[in-house]
1. Considering region B:160-171 alone, what residues qualify as being more than 8 Å from chain A (Cβ to nearest Cβ) and within 19 Å of A:Gly63 (Cβ to Cβ)?
2. Taking into account only those residues within region B:23-57 that are β-branched (Val, Ile, Thr) and part of a helix (DSSP H, G or I), which is nearest to B:Ile156 (Cα to Cα)?
3. So which residues in region A:152-166 are among the aliphatic types (A, V, I, L, M) and either facing chain B (nearest Cβ under 8 Å) or under 13 Å from the mean Cα position of the chain (by Cα) (or both), if there are any at all?
4. Take B:Phe87 and tell me if it is over 19 Å from A:Ala203 (Cα atoms) and surrounded by 20 or more Cβ atoms within 10 Å (Cβ to Cβ).
5. Against the conditions (1) out of contact with any Cys (no Cβ under 6 Å at 6 or more places or on another chain); (2) within 14 Å of another protein chain (Cβ to nearest Cβ), where does B:Asn98 fall short? Just the number, please.
6. For region B:109-131, does any single residue satisfy the condition of being within 14 Å of another protein chain (Cβ to nearest Cβ) and either more than 26 Å from the chain's Cα centre (by Cα) or farther than 21 Å from A:Glu104 by Cβ (or both)?
7. Which is closer than 30 Å to A:Leu189 by Cβ and modelled with pLDDT of 90 or more, of B:Leu77, B:Leu124, B:Leu148, B:Leu53?
8. Sort out which residues of region B:70-85 are more than 7 Å from chain A (Cβ to nearest Cβ), assigned to a helix (DSSP H, G or I) and within 23 Å of the chain's Cα centre (by Cα), and write them in order of number.
Amino acid sequence: MNTFAPLIKGYWYLLRGAGMTLLMAGAAVVPATICGILLALLQIFGTRALRSAVVAYLFVMRGIPLLVLLTFTYYLLPLTGIDLPAFWGVVMVLSLYYAAFMSEVFRAGILSLPQAQWDAARSLGMRRRLMLQIVIFPQALRLASPPFVNLCVNLIKATSLVSIVGLWELTMASREIVERTLAPFQIFLGAAGLYFCMCYALALYGRHLERRVLHGH
Amino acid sequence: MPFDPRFIARLIPALLEGAEVTVELSLLTMAICLVGGLPVALARSVRGPLAWLAGGYIQLVRNTPLLIQMYLVYFGLSMAGIPLSGFASGLLALCLQNCGYVAEIYRGGLQSVSLRQFEAGKALGMRRWTLYTTVILPQVVARVIPPLTNQAISIIKDTAQVAAIAVMDVMKVAQIWVESSANTYDVFLGVAIIYLCLTSLASLAGKLFERRLAFAQ
């Protein structure tokens with residue numbers, strides 16, 4: 001099995017790249033989720049001006065490829081004088097971009113609760129904050145969890161784009177090995193396998209959650 | 001100097017030339033996936049090894065990044081003695097990935113039609129062909145239009161990644177112009193506007209179709 005010798009030799013390097021990919025996705029998913037929930041709440045409860053601001057934000061984020069945003073942040077950030085390490089710059093773009101998609105997921109979760117839930121909470125004399133806290137959020141988050149996990153899969157896949165702006169993670173690691181060994185097929189196949197392991201595990205978890213949502217709790 | 005009119009006058013034709021490649025790639029991918037998703041979805045819904053194969057294919061392409069698939073096709077196949085141009089490998093990777101997504105959309109649409117619709121059709125003595133063409137498929141088509149529109153938008157955005165394998169799409173043209181002119185703001189604005197126009201057009205077309213087919217809901 002000489003064909004796969006480059007892959008066997010480089011597997012530790014690839015694994016370290018995969019670790020970096022997970023680290024990057026993990027660092028981005030937290031702010032993305034928080035911003036996503038905030039955006040969803042603003043879009044549902046905000047004043048008209050706030051609502052249209054959110055809609056404009058979603059329009060821009062959903063209409064422009066992530067690669068364009070990443071590339072231009074890479075070029076523009078030094079011009080604005082903000083001194084941010086490349087890793088955090090990329091994490092910022094990833095989370096701002098995914099916040100737009102997260103907000104849709106959470107908004108759908110909140111809006112898909114039957115009106116009766118709101119009425120019941122209100123008839124018990126609950127203020128909005130309490131109502132959200134103990135009636136709406138627990139149910140909406142459960143409904144939103146399967147698509148949320150799917151978005152996390154997409155986020156992991158999207159981190160491969162940061163290699164184009166020169167950050168080191170799994171895709172970059174595999175490109176480096178390919179440049180050394182000239183064995184693109186084996187190495188990229190190995191990288192694809194690693195991505196598959198990470199994403200498929202998460203996707204399976206999402207499917208498990210979905211089944212739980214569908215068949216009662 | 002940002003917003004120099006003479007620079008913009010030279011920039012716009014170049015970007016539009018790149019946009020042409022982006023549009024070509026997107027339209028070709030959409031057309032191929034609309035057709036190609038169908039056999040995959042059908043294979044997935046019968047029992048037996050075919051369903052297993054189709055399911056494996058869908059999971060594989062959905063859980064690995066498009067960029068890695070492009071590298072695999074572009075560098076991997078040329079190493080294996082099948083050199084494809086950047087455009088062809090980009091198209092192949094885009095189709096491979098999105099066929100998986102479109103097939104799942106078709107399957108979801110078919111599953112969302114209530115079993116009673118089938119039973120009612122049979123009770124009326126309809127033949128299988130009549131049942132499918134007059135009762136089931138119109139409902140499926142109406143239901144898959146919104147997710148297909150989303151997929152079309154994501155295809156348009158995904159085409160930006162072909163810039164990584166040296167296809168002169170609008171993204172690559174923009175990269176070259178930024179690097180040669182350092183006029184980042186103008187180029188970024190131009191690219192953003194082009195992508196926003198393309199994705200808005202796609203979502204507008206989806207809305208029109210949806211309204212056209214509203215009778216089937």
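The values are calculated or read from the model by the stated rules, or taken from the named source; none is laboratory data. Values in this document were obtained by computation on a predicted structure and should not be read as measured data. Cβ sites come from the backbone with ideal geometry, for glycine too, and all protein chains shown count toward neighbours.
1. Answer for region B:160-171, where residues must be more than 8 Å from chain A (Cβ to nearest Cβ) and within 19 Å of A:Gly63 (Cβ to Cβ): B:Val162, B:Asp169, B:Val170.
2. Of all residues in region B:23-57, those β-branched (Val, Ile, Thr) come to B:23, B:29, B:32, B:35, B:40, B:46.
Among the residues that remain, those that are also part of a helix (DSSP H, G or I) are: B:23, B:29, B:32, B:35, B:40.
Values: B:Val23: 8, B:Thr29: 9, B:Ile32: 14, B:Val35: 18, B:Val40: 22 Å.
Among those residues, the one meeting the criterion is B:Val23.
3. Step one: of region A:152-166, the residues among the aliphatic types (A, V, I, L, M) are A:153, A:155-156, A:158, A:161-162, A:164-165.
Hits for region A:152-166 are A:Val153, A:Leu155, A:Ile156, A:Ala158, A:Leu161, A:Ile164.
4. Numbers: over 19 Å from A:Ala203 (Cα atoms): yes; surrounded by 20 or more Cβ atoms within 10 Å (Cβ to Cβ): no.
Against the criterion (over 19 Å from A:Ala203 (Cα atoms) and surrounded by 20 or more Cβ atoms within 10 Å (Cβ to Cβ)), B:Phe87 does not qualify.
5. Evaluating B:Asn98 over (1) out of contact with any Cys (no Cβ under 6 Å at 6 or more places or on another chain); (2) within 14 Å of another protein chain (Cβ to nearest Cβ) leaves (1) as the failure.
6. So far as region B:109-131 goes, yes, one or more of its residues are within 14 Å of another protein chain (Cβ to nearest Cβ) and either more than 26 Å from the chain's Cα centre (by Cα) or farther than 21 Å from A:Glu104 by Cβ (or both).
7. On the way: B:Leu77 fails: modelled with pLDDT of 90 or more; B:Leu124 fails: closer than 30 Å to A:Leu189 by Cβ; B:Leu148 fails: closer than 30 Å to A:Leu189 by Cβ.
Answer to the check: B:Leu53.
8. Residues of region B:70-85 that are more than 7 Å from chain A (Cβ to nearest Cβ), as a first pass: B:70, B:73-74, B:77-78, B:81-85.
Going one step further and asking which of them are assigned to a helix (DSSP H, G or I), we end up with B:70, B:73-74, B:77-78.
Result: B:Met70, B:Val73, B:Tyr74, B:Leu77.
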